Amino acid sequence: MTVDTKYIFVTGGVVSSLGKGIISSSLANLLIARGYRVTIQKFDPYINIDPGTLNPYEHGECYVTVDGHEADLDLGHYERFTNIQTTRANNVTTGRIYQSVIDKERRGDYLGKTVQIVPHITDEIKRNVKQLGKTGNFDFVITEIGGVVGDIESLPFLEAVRQLRWELGRNSLVIHLTYVPYIAAAKELKTKPTQHSVKKLQELGIQPDILVLRTERDITPEARRKIALFCNVAPDAAVQSIDVPTIYQVPIKMHEQHLDDLVLRLTDTPSKGEPHMGPWLRFLDKLAHAEKPVTIGLVGKYVELQDAYKSINESLFQAATYDDRRLDLRFIHSEKLNDANADELLSPLDGVIIAPGFGQRGIEGKFVALKWCREHDVPTFGICLGMQCMVIEYARNVLGLAEANSTEMNPTTPHNVIDLMEEQKSISNMGGTMRLGAYDCELTPDSIAAKAYGTTHVSERHRHRFEFNEDYRERFEQAGMKCVGENPATHLVEVVEIPGKRWFVGTQYHPEYTSTVLNPNPLFTSFISAAIKYREEKEAAKS
Ligand code: GLN
């Protein structure tokens, strides 16, 4: 018997940044723990085709899926919470929808018809919503609608949700996430913004089935009944989501509030019993007991914005937690780091990450950090641009090539140790044209990287245009920096390291995209172990 896929829509009201991605991820986590097959997709109401061309200051980190889609950072949450890979189909923007409709119009698919928002744009949205469900691989497709109800941009998406709700009946439901603010002067939680936001949704023809109420204080049962009454939801369907110290507790909180039970009941889905949360709870238990810190510095230029390095932060956090440590993460602004303050800023650290990035700004600070860390033998991890900087710093200060650079920073450098790949040279479009997505990598046996992974064959995700220049490989290897990972097909260098150091590894790929709570990336766990060991050595030397 084929079971119908159930579609769950998650909308947001009152204010943005309430954490629709975390609620969607937590619900998926619970349903998976109950034995269902679940995927989550994000619809973003902006015109960009994808977030790949967005400045991190605008939209935080750009996440990369295994099939090479430059995606919204919420897809990172989805993967970290569910341990399931997402793809291009899991992230759709208004731009993609319009592009597809306009392509069809040019091909003549709508010949004779006036192409309109309703039905053509909404049909295209609906087609994208159902695309994952149609594969037959999922019992539940959770669709998060970006933005806030009332935005002009999200109107076509909400109209598509209204139509789908009507078509799918009890095979679908709408969860609306709102905010219940606490007004200190009145010493009261206020339910009015939620009522207004639900009214707004109702004006668009959508009746939410479940309300998730973000709050800093416990909402009394009486207030919840009041909200349920005013908003036309079942009395137990006004679920509170109180602030918790870590997002990874949200699934547990949502289960306590019966969110997963409600979803099963309202979609007529037979229950398979309580969720199996064992490994997740073990992670939370470790987190609760991790008191001793491990201090990691992240050297990058977007340090004012936490979300710019989201996946790296989370990967470090997961690795530290599994090693029973509290992550003490310090952001070090690469533009402010120089030889005069390097000692002061870097000596308290047990390990240093040199961040990915683009362009010249802040690059000199990365070289300062790398030289200092190499000379002081601090565990150091260079990721993408961080790896490229590792190579450049080594060329300048060890190989004696003072003007070595990447052609990204200086197109006429006499020593282009990092250079544009041949196939990139003819590309002029910026969007979606980098080396993107998962590529195989063969590791040298006995390298730090191979030991960390416990295998010599890995696959990791990329997002870059520039590469290690093979012409210099021999000189690096002779001087002591080894190329220990390469792509089996193209022989591009993917991993460099300096053997004999405590832990000095650079990866051209981004291992942070594959690190999940239940399956942390081995390079991060290995790096954190090295940092802890180094800390203990420093402590022993002091006493
Ligand atoms: N700017 C570098 C390149 O394009 C590195 C990119 C990155 O760090 N993601 O190769």
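The values are calculated or read from the model by the stated rules, or taken from the named source; none is laboratory data. The model shown is predicted, which means the values in this text are computed figures rather than measured ones. Cβ atoms come from the backbone with ideal geometry, glycine included; neighbour counts cover every protein chain shown.
Counting only strands (runs of 3 or more DSSP E) that sit wholly inside the range 291-394, those with at least 2 residues that are more than 15 Å from the ligand (Cβ to nearest atom) are 293-300, 326-333, 351-354.
In the range 172-252, counting only strands (runs of 3 or more DSSP E) that sit wholly within it, the ones holding 2 or more residues that are under 31 Å from the mean Cα position of the chain (by Cα) and more than 30 Å from Glu314 (Cα to Cα) span 172-179.
Applying the criterion of being part of a loop (DSSP other than H, G, I, E, B) and hydroxyl-bearing (Ser, Thr, Tyr) to the residues of the range 32-81, the residue that is farthest from the chain's Cα centre (by Cα) is Tyr36. Determine the pairs where a residue that is more than 17 Å from Tyr309 (Cβ to Cβ) and touching a residue at least 60 places away in the same chain (Cβ under 8 Å), located within the range 380-408, has a partner that is more than 9 Å from the ligand (Cβ to nearest atom) and in a loop (DSSP other than H, G, I, E, B) with Cβ atoms under 7 Å apart, the partner being 6 or more residues away or on another chain. Hits for this filter: Tyr394/Met481; Ala395/Leu401. Condition first: among the aromatic types (Phe, Trp, Tyr), out of contact with any helix residue (DSSP H, G or I) (no Cβ under 7 Å at 6 or more places or on another chain) and either on the phi > 0 side of the Ramachandran plot or in contact (Cβ under 8 Å) with a residue 40 or more places away in the chain (or both). Can you find one or more residues in the range 432-452 that meet it? Yes, there is a match, as at least one residue in the range 432-452 is among the aromatic types (Phe, Trp, Tyr), out of contact with any helix residue (DSSP H, G or I) (no Cβ under 7 Å at 6 or more places or on another chain) and either on the phi > 0 side of the Ramachandran plot or in contact (Cβ under 8 Å) with a residue 40 or more places away in the chain (or both).
For the condition out of contact with any Cys (no Cβ under 6 Å at 6 or more places or on another chain) and assigned to a loop (DSSP other than H, G, I, E, B), what is the one hit in Lys501, Lys533?
Details: Lys533 fails: assigned to a loop (DSSP other than H, G, I, E, B).
On inspection, the qualifying residue turns out to be Lys501.
Taken over the range 249-285, the criterion of being without any contact (Cβ under 8 Å) to a residue 40 or more places away in the chain and of a type in the set (Asp, Glu) is satisfied by Glu256, Asp261, Asp285. Of the candidates Val303, Val352, Val263, the single residue that is under 19 Å from Phe504 (Cα atoms) and β-branched (Val, Ile, Thr) is Val352.
For the range 347-369, give me each residue that is farther than 12 Å from Ile383 by Cα and of a type in the set (A, V, I, L, M). Those that are farther than 12 Å from Ile383 by Cα and of a type in the set (A, V, I, L, M): Leu349, Ile363, Val368, Ala369. Taken as a whole, the range 117-136 holds no residue that is assigned to a loop (DSSP other than H, G, I, E, B), of a type outside the set (Ser, Thr, Tyr) and in contact with a Lys or Arg (Cβ under 9 Å, 6 or more places away or on another chain).
Just one of the numbered conditions (1) out of contact with any helix residue (DSSP H, G or I) (no Cβ under 6 Å at 6 or more places or on another chain); (2) more than 16 Å from Gly147 (Cβ to Cβ); (3) surrounded by 24 or more Cβ atoms within 10 Å (Cβ to Cβ) is not true of Asn55: (3).
Checked against (1) buried (at least 24 other Cβ atoms within 10 Å of the Cβ); (2) in a helix (DSSP H, G or I); (3) out of contact with any Phe, Trp or Tyr (no Cβ under 7 Å at 6 or more places or on another chain); (4) not hydroxyl-bearing (Ser, Thr, Tyr), Phe157 meets all criteria but (3).
If you go through the range 490-517 and keep only what is farther than 21 Å from Glu408 by Cβ, at pLDDT 95 or above and away from the ligand (no atom under 13 Å from the Cβ), you end up with Glu497, Ile498, Pro499, Lys501, Arg502, Trp503, Phe504, Val505, Thr514, Ser515, Thr516, Val517.
Among the residues of the range 362-421, just one is touching a Pro at 6+ places or on another chain (Cβ under 8 Å) and charged (D, E, K, R), namely Glu403. Just for the range 423-437: of the residues that are of a type in the set (D, E, K, R) and within 30 Å of Gln85 (Cα to Cα), which one is farthest from the ligand (Cβ to nearest atom)? Of everything passing the filter in the range 423-437, Glu423 is farthest from the ligand (Cβ to nearest atom). Take the conditions (1) surrounded by fewer than 18 Cβ atoms within 10 Å (Cβ to Cβ); (2) in contact with a strand residue (DSSP E or B) (Cβ under 7 Å, 6 or more places away or on another chain); (3) over 30 Å from Cys62 (Cα atoms); (4) not aromatic (Phe, Trp, Tyr); Met421 misses just one of them, which is (3). Of all residues in the range 199-218, those that are over 19 Å from Leu259 (Cβ atoms) and of a type in the set (S, T, N, Q) have Cβ atoms under 9 Å from Cβ atoms of residues that are at pLDDT 95 or above and in a loop (DSSP other than H, G, I, E, B), 6 or more apart or on another chain, in Gln202/Pro208. Here is a check on your reading of the model: is Arg282 away from the ligand (no atom under 16 Å from the Cβ) and surrounded by 17 or more Cβ atoms within 10 Å (Cβ to Cβ)? No: the conditions fail for Arg282.
Go over the candidates Phe476, Phe468 one by one and state the one that is touching a residue at least 60 places away in the same chain (Cβ under 8 Å), of a type in the set (A, V, I, L, M, F, W, C), closer than 17 Å to Phe504 by Cβ and within 16 Å of the ligand (Cβ to nearest atom).
Numbers: Phe476 fails: within 16 Å of the ligand (Cβ to nearest atom).
None of the others qualify; the one that does is Phe468.
Put simply, of Thr407, Thr412, Thr455 the only residue that is of a type in the set (Ser, Thr, Tyr) and within 16 Å of the ligand (Cβ to nearest atom) is Thr407.
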